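Input: a single structure, listed below in structure tokens.
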Amino acid sequence: MRQRFKVCAYVIGTLFSTALIGAAVLTVTAPAAQAADNKITIMVGGINKLIYLPPKLAENLGYFKDEGLDVELQSQQAGVDAENELLAGAVQAVVGYYDHSIDLQSKGKEVLSITQLLMVPGGMEMVRSDLATQVRSMADLKGRTLGVTGLGSSSSFLAQYLASRNGLKTSDYSMLPVGAGNTLIAALKQKRVDVVWTTEPTTSMLLASGEAKVLVDMNSAAGTRAALGGLYPASAVYVQAAWLKTHKPEAAKLARAFVRTLQYIQSHSAEEIAAKMPADYYGGNKALYVQALKASLPMYSPDGKMPAEGPEVVLKVMAGFNPNIKGKKIDLSKTYTNEFVNQVK
């Protein structure tokens, strides 16, 4: 009887201890789970590109933390890959080109820009230097290979439109995804591509090395209007509409952090901005990075608002060749909102 009592007491004690441990585990993990729920992961379509400078700058300036946001930045080489991560629910926001929101609406997906970072594409079509006398415009692309960051990426949208404006059909040339930065430079050196779309600081690196020459310049408002017929709002912070409906406070905080970053860019020199960026972004040449940044400063939005003419120009560009959009009714009002940037003082 006494032995049975000891066994019962042992079992009860063990169960009680297990319950206490379980309660302790719940107490410890509950805040962690809550923190995970509050975390915002932003996928950037090439985080070290100057067209996507604001996210890392905002992080290094502490603007996300000022808003009480737990933000993690991740990077993909092409905007189309970042878009896929968003649609899969792996990330809550993307810093990529605004034109993806139009393309996705044509496929029944609703995403919208909540902050516009660039007023222009901020890049160039560049031709290999050994072909510069043969390829003088996009009209000379026939039979050539065009390098883009990824198939279905914004660089492919723009390149196809520029080719079509010069009388070419998509069957007149081929496209090869080459990523960005070092992989793009390697593709040029190996002569796997003839013309490439690229952005700073890769643009300045190619010019400095003599590997490529400028074919079409869309770093400025004037160059963009000449090439496309109007401003082409590019880099933006975009989210899924479904996420936005239940996370408006977080969207407002994100917008405020990014607008503060844009204001910092407007009020500081290229040298001061470069000093806030990671050293490995310089590609071993800080002076060249600063030079590229100086050339890029005019492309950044001063206030994060969508320019009035922008959505129509982007739609015109995409409707010119994109079979997903041709003949479809696109509601541009559902591709962006100024609601949150308008709240920033």
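Put the Cα centre of the stretch 156-197 next to the Cα centre of the stretch 80-123 and the gap is 21 Å. Springs between alpha-carbon atoms under 10 Å, Gaussian network over the chain: tell me which of 155, 129, 209 tops the mean-square fluctuations. Looking only at 155, 129, 209, the largest GNM fluctuation is found for 209.
Taking a Cβ cut-off of under 13 Å around residue 173, the surrounding Lys, Arg, Asp and Glu residues balance to a net charge of -1, with basic ones at +1 and acidic ones at -1.
With each label point set 7 Å from Cα along the Cα-Cβ vector, what nm distance links residue 186 and residue 343? Inter-label distance under the simple model: 4.5 nm.
Taking Cβ atoms as reference points and 15 Å as the exclusive limit, the residues near residue 128 contribute a net charge of +1, counting Lys and Arg as +1 and Asp and Glu as -1. In straight Cα distance, which lysines are under 16 Å from residue 39, not counting same-chain residues fewer than 8 positions off? Answer for residue 39, where 16 Å is the Cα cut-off: 65, 248, 253, listed by chain and number. Summarising the strand pairing of the chain, around 55 percent of its internal DSSP beta bridges are antiparallel. For residue 294, the lysines whose Cα falls under 26 Å of its own Cα, not counting residues fewer than eight places away in the same chain, are 49, 56, 213, 276, 286, 305.
Using a Gaussian network model of the chain in which every pair of alpha carbons under 10 angstrom is joined by a spring, one finds that among 150, 283, 96 the greatest mean-square fluctuation is at 283.
Principal axis analysis of the Cα atoms in the stretch 198-345 yields extents of 45, 37, 24 Å, listed in decreasing size.
Rolling a 1.4 Å probe over the protein heavy atoms of the chain, with every protein chain left in place, gives an accessible area that is 53 percent carbon and sulfur.
How much length is gained if the chain between residue 222 and residue 170 is pulled fully straight, taking 0.36 nm per residue apart and subtracting their Cα-Cα distance, in nm to one decimal?
Numbers: separation 52, 0.36 × 52 = 18.72 nm, distance 2.67 nm.
Value of the extension gain: 16.1 nm.
Mean-square fluctuations from a GNM of the chain, with a 10 angstrom spring cutoff on Cα atoms, peak among 280, 217, 303 at 280. Straight-line reach only, C-alpha to C-alpha below 14 angstrom: list the aspartates and glutamates that residue 142 could link to, leaving out same-chain residues fewer than 8 apart. Cα-Cα hits under 14 Å: 172, 194. Checking [x] 1.03; [y] 0.97; [z] 1.21 against the coordinates, the calculated Cα Rg over 2.2 N^0.38 Å falls under label [z].
The values are calculated or read from the model by the stated rules, or taken from the named source; none is laboratory data. These numbers were taken from a predicted model, which means no experiment stands behind them. Note: ideal-geometry Cβ built from the backbone for every residue, glycine included; neighbour counts use all protein chains shown. The protein model used for the area step is the full one, side chains on, heavy atoms only, and it has no ligands, DNA or RNA in it. Shrake-Rupley method; radii C 1.70, N 1.55, O 1.52, S 1.80 Å.
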